[in-house]
2 protein chains.
Amino acid sequence: MDVLELLDRARRGARALARLDGAARDAALDAIADAIEARAEAILAANAEDLAAATDISDALRDRLRLDEARVAGIARAVREVRAQPDPLAARREIGEGRSGIRVTRRRVPLGVIAIVYEARPNVTAECAALTIKSGNAVVLRGGREAANSNRAIGDAVAAGLAAVGAPADAVIVMDRSSREDVAALLGATGRVDLVIPRGGHGLMAMVDEHARVPVIRHGQGICHVYVDAAAEIGMAADIAFNAKVHRPGVCNAMETLLVHRDRVEAVLAALGPRLAVAGVALRADPASRAALEAAGVSADAATDADWDTEFLDLVLAVRAVDDLDAALEHIAAHGTNHTASIVTADEGAAERFLGEVDASCVLWNASTRFNDGGELGLGAEMGISTSRMHAYGPMSVTELTTEKLVVYGRGEIRS
Amino acid sequence: MDVLELLDRARRGARALARLDGAARDAALDAIADAIEARAEAILAANAEDLAAATDISDALRDRLRLDEARVAGIARAVREVRAQPDPLAARREIGEGRSGIRVTRRRVPLGVIAIVYEARPNVTAECAALTIKSGNAVVLRGGREAANSNRAIGDAVAAGLAAVGAPADAVIVMDRSSREDVAALLGATGRVDLVIPRGGHGLMAMVDEHARVPVIRHGQGICHVYVDAAAEIGMAADIAFNAKVHRPGVCNAMETLLVHRDRVEAVLAALGPRLAVAGVALRADPASRAALEAAGVSADAATDADWDTEFLDLVLAVRAVDDLDAALEHIAAHGTNHTASIVTADEGAAERFLGEVDASCVLWNASTRFNDGGELGLGAEMGISTSRMHAYGPMSVTELTTEKLVVYGRGEIRS
């Protein structure tokens, strides 16, 4: 595969797409959603081929790979939801008047060519195409080998949608039948790829670390914390911690470690421990919280040092008693991954310190960590959660797929 | 040199600095400006050592390296100007209410540890320290070998200023006596350096390309264009083009190529050509504009293909007649470096197309390219001009040295 030739096509696609107005980009999204619905049968047949070929994958991976009618309808709906968002490229900001009298403004523009390297979920193919079209970017989509047929069928539907309204075909390129070397070439294509967003496990991230010479924003690992302060209301603390762990344990904004102020360990764990046990949560606790759990009739393993640095992504929770807010902040600084942290407290001073000092893409006061999500925050659909601070910190919605250029209006001003 | 140990110090400095409020950071800047003034003699003595040792450098480089009393006073003044800017970390934005009822806001936070790798101008040492302190970031400063004594003396003044007000000493680290290998280690220190800003020539940039694994924002090359449209007012066009080329030809926002609509070539070059000739500008012109220049009594060399891709940084200008706005846009897309472009026209439709379609950090209508500068645009002092689109596009002022985290206020909300 000639990756550079493919990226030249994507660049042409980006230029053509950037010239379309918001209505034309929305029309393309409508046509893509229609094409996905119209081609549901073909997409499901392609998916069945992928499933038949995938004999050696885990049940969890198989479930993520599997499409059915409802899931295909969900993909089309997700494209329409992106279409319904405001146009990020319509944003204009007045900055002010320069000292020479020039009028200074900012205008939002696309990043250019975005590459997404991801693993087996075929819905990502359509959702990423929708987000990049909405934001005026061309996209190169490199999905996993396991989903190759599904991705190709969805890519065909996207292409049909673009063609139906005369939108540039090169705006969305599904890079199928590509080798590891092709991905390495993509990651190294300085000046031709404006951003790579990798979405996947450790193997993919290691490959990105090794080969990336273009800008990368990682959908980062989430070791998320809830800290229950001395001044917490116990019922609220138990509800938030339970929700943060149990609502959907396999996702990045689920809580992995619960920190409890030493004075409240008994009360909090008496309220929360039995609920976690009923929900099947395995507990890894330090001595003080383990004693409190056992007093509440809940068994727990002794936590090891490694537990504080583990993203369980499962019904497993590390629990630790801390002496005070400072100790909680220190624990989070040492073990957090800049993703999400929540404090439960009625003490505004403690909350303000926590919100100010915790370095995470999203910090919350009296709310579940599960709210660090584009939809829940009112930011719209997203590409993932950035924990990198550069360019995007938190959910990468369509706005984070753009940048601002300066647009200056003069009347003949020159610099003196 | 143990670069990783030095970066650990910088991380501690960043954490300590981030806990200071704006008034405390401003007090540190005042103290640094005072210390630079108080130590002017020591700084000049160190600079004299550098000048004496630098026997084999060009006159231009020697001038950039040289300090005198006025220049030292200018450095202190620049620090006070940064101090006088608004605190970028005071910014709070209301995003809205999430569907669960949570209140969603954004709050500006520092990036963390910033490294600046630069060449012989010693004033950069103090100015970069001021910008990073203002924005709550720790900085590692790696200047050129030629300025080592000057940088150390300025670094001592910065340290004295920090100490005078009890600000964290590790917030500003001058990485002197460092080898090329040390710089390579710095560029590769993933997770320990949040941003590297290189400022220098091709050799430095090549080193960055080879070794950087941490995020980089380049102060990019400026091949800047002025396009004089068919509907331009000739006097205004000549004034803007003259200013863009001659006002300060050695800087990145100076014009390198003038594009003129074919219908106006004679009129524009009759007005502009003699002024450029008097100013000593050497002209490299395509056949049509060369003929027009010669008709105005101005001699020009024939432009070569390479001229369209050259950042002259000197009193040299490439001139080209173009058939229309589309041809001008095509030329800029092919040869521009995403830095600065200006259109001179009375035609609002042509201006809007130019402002919309040119992909550059700053696009101007009826104003000189020289305005792409933080101070002139009202953005304050800057680290340079980013042409990279990711994170910053245009002048990197204190705001671009920060990011925003999400701060969420709840009343016990959980996700359902």
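Tabulated data for the structure shown
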item: Index of the failed condition, B:ASP239 passing every other in (1) in contact (Cβ under 8 Å) with a residue 12 or more places away in the chain; (2) in contact with a Gly (Cβ under 8 Å, 6 or more places away or on another chain); result: (1)
item: Residues of region A:216-243 classified as touching a His at 6+ places or on another chain (Cβ under 8 Å) and surrounded by fewer than 23 Cβ atoms within 10 Å (Cβ to Cβ), total; result: 3
item: Helices (runs of 4 or more DSSP H) enclosed by region A:164-280 - at least 1 residues per element that are within 30 Å of A:ALA33 (Cα to Cα); result: A:180-187, A:202-211
item: Hits in region A:87-100 (condition: in a loop (DSSP other than H, G, I, E, B) and at pLDDT 95 or above); result: A:ASP87
item: Residue identified as over 20 Å from A:LEU401 (Cα atoms), basic (Lys, Arg) and at pLDDT below 95 among A:ARG64, A:ARG19, A:ARG77; result: A:ARG64
item: B:ARG180 touching a Phe, Trp or Tyr at 6+ places or on another chain (Cβ under 6 Å), more than 19 Å from A:ARG415 (Cα to Cα) and away from chain A (no Cβ under 11 Å); result: no
item: Selected residue (only one of A:ALA23, A:ALA31 is without any contact (Cβ under 8 Å) to a residue 24 or more places away in the chain, part of a helix (DSSP H, G or I), within 19 Å of A:ALA169 (Cα to Cα) and in the same structural domain as A:GLY143 (by TED's automatic domain parsing)); result: A:ALA23
item: Count of residues meeting criterion [more than 10 Å from chain A (Cβ to nearest Cβ) and either more than 18 Å from the chain's Cα centre (by Cα) or buried (at least 22 other Cβ atoms within 10 Å of the Cβ) (or both)] in region B:330-342; result: 8
item: Filtered residues of region B:247-263 (kept if more than 10 Å from every other protein chain (Cβ to nearest Cβ) and surrounded by 20 or more Cβ atoms within 10 Å (Cβ to Cβ)); result: B:CYS252, B:ALA254, B:MET255, B:GLU256, B:THR257, B:LEU258, B:LEU259, B:VAL260, B:HIS261
item: Residue within region A:109-119 that is assigned to a helix (DSSP H, G or I) and over 22 Å from A:ASP2 (Cα atoms) present; result: no
item: Those residues of region B:124-158 which are touching a strand residue (DSSP E or B) at 6+ places or on another chain (Cβ under 9 Å), under 16 Å from B:LEU20 (Cβ atoms) and outside any loop (DSSP other than H, G, I, E, B), in sequence order; result: B:ALA129, B:LEU131, B:THR132, B:ILE133, B:ALA138, B:VAL139, B:VAL158
item: Which listed residue, of B:ARG39, B:ARG121, is among the basic types (Lys, Arg), more than 14 Å from every other protein chain (Cβ to nearest Cβ) and under 19 Å from the mean Cα position of the chain (by Cα); result: B:ARG121
item: Count of residues meeting criterion [outside any helix (DSSP H, G or I), under 23 Å from the mean Cα position of the chain (by Cα) and in contact (Cβ under 8 Å) with a residue 12 or more places away in the chain] in region A:62-86; result: 3
item: Per-region count, region A:183-202, residues modelled with pLDDT of 85 or more and more than 14 Å from chain B (Cβ to nearest Cβ); result: 6
item: Residue check for A:ALA76: among the small types (Gly, Ala, Ser) and in contact with an Asp or Glu (Cβ under 6 Å, 6 or more places away or on another chain); result: yes
item: Yes/no for A:ASP59 being exposed (fewer than 14 other Cβ atoms within 10 Å of the Cβ), more than 27 Å from A:ALA164 (Cα to Cα) and over 21 Å from the mean Cα position of the chain (by Cα); result: yes
item: Condition met for B:LEU313 (farther than 26 Å from A:GLY22 by Cα, in contact (Cβ under 8 Å) with a residue 40 or more places away in the chain and part of a loop (DSSP other than H, G, I, E, B)); result: yes
item: Unique match (being among the acidic types (Asp, Glu) and more than 8 Å from chain A (Cβ to nearest Cβ)) among B:GLU376, B:GLU404, B:GLU400; result: B:GLU400
item: Test: A:ARG177 is more than 24 Å from the chain's Cα centre (by Cα), of a type in the set (Lys, Arg) and surrounded by fewer than 24 Cβ atoms within 10 Å (Cβ to Cβ); result: yes
item: Sole exception among (1) in the same structural domain as A:ALA171 (by TED's automatic domain parsing); (2) touching a residue at least 12 places away in the same chain (Cβ under 8 Å); (3) of a type in the set (Gly, Ala, Ser) for A:ALA230, by number; result: (1)
item: Within region B:313-329, tally of residues that are within 18 Å of B:GLY220 (Cα to Cα) and either buried (at least 21 other Cβ atoms within 10 Å of the Cβ) or at pLDDT 95 or above (or both); result: 0
item: Residue match in region A:232-241 (condition: touching a Ser or Thr at 6+ places or on another chain (Cβ under 8 Å) and at pLDDT 95 or above); result: yes
item: Given (1) in the same structural domain as B:VAL251 (by TED's automatic domain parsing); (2) crowded, with 22+ Cβ neighbours inside 10 Å; (3) of a type in the set (Lys, Arg), number of the condition B:ARG389 does not satisfy; result: (1)
item: Unique match (being small (Gly, Ala, Ser), part of a loop (DSSP other than H, G, I, E, B) and at the interface with another protein chain (Cβ under 7 Å from one of its Cβ atoms)) among B:ALA360, B:ALA392, B:ALA381; result: B:ALA360
item: Of all residues making up region B:91-118, the number that are under 24 Å from A:PRO395 (Cβ atoms) and either in contact (Cβ under 8 Å) with a residue 12 or more places away in the chain or more than 14 Å from every other protein chain (Cβ to nearest Cβ) (or both); result: 18
item: Filtered residues of region A:395-416 (kept if out of contact with any Leu (no Cβ under 7 Å at 6 or more places or on another chain) and either of a type in the set (Val, Ile, Thr) or not in a strand (DSSP E or B) (or both)); result: A:MET396, A:THR399, A:GLU400, A:ILE414, A:ARG415, A:SER416
item: Matching option when the condition is farther than 30 Å from A:GLY375 by Cα, out of contact with any Asp or Glu (no Cβ under 7 Å at 6 or more places or on another chain) and either crowded, with 21+ Cβ neighbours inside 10 Å or not acidic (Asp, Glu) (or both), among B:GLY96, B:GLY136; result: B:GLY136
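A quick yes/no check of all residues on (1) more than 30 Å from B:LEU195 (Cβ to Cβ); (2) β-branched (Val, Ile, Thr):
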residue: A:GLY188; (1), (2): no, no
residue: A:GLY201; (1), (2): no, no
residue: A:ASP209; (1), (2): no, no
residue: A:ILE217; (1), (2): no, yes
residue: A:ALA230; (1), (2): yes, no
residue: A:ASN243; (1), (2): yes, no
residue: A:VAL246; (1), (2): yes, yes
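The values are calculated or read from the model by the stated rules, or taken from the named source; none is laboratory data. Not measured: the values here are computed from a predicted model. In this analysis, Cβ positions are derived from the backbone assuming ideal geometry, glycine residues included, and neighbour counts consider all displayed protein chains.
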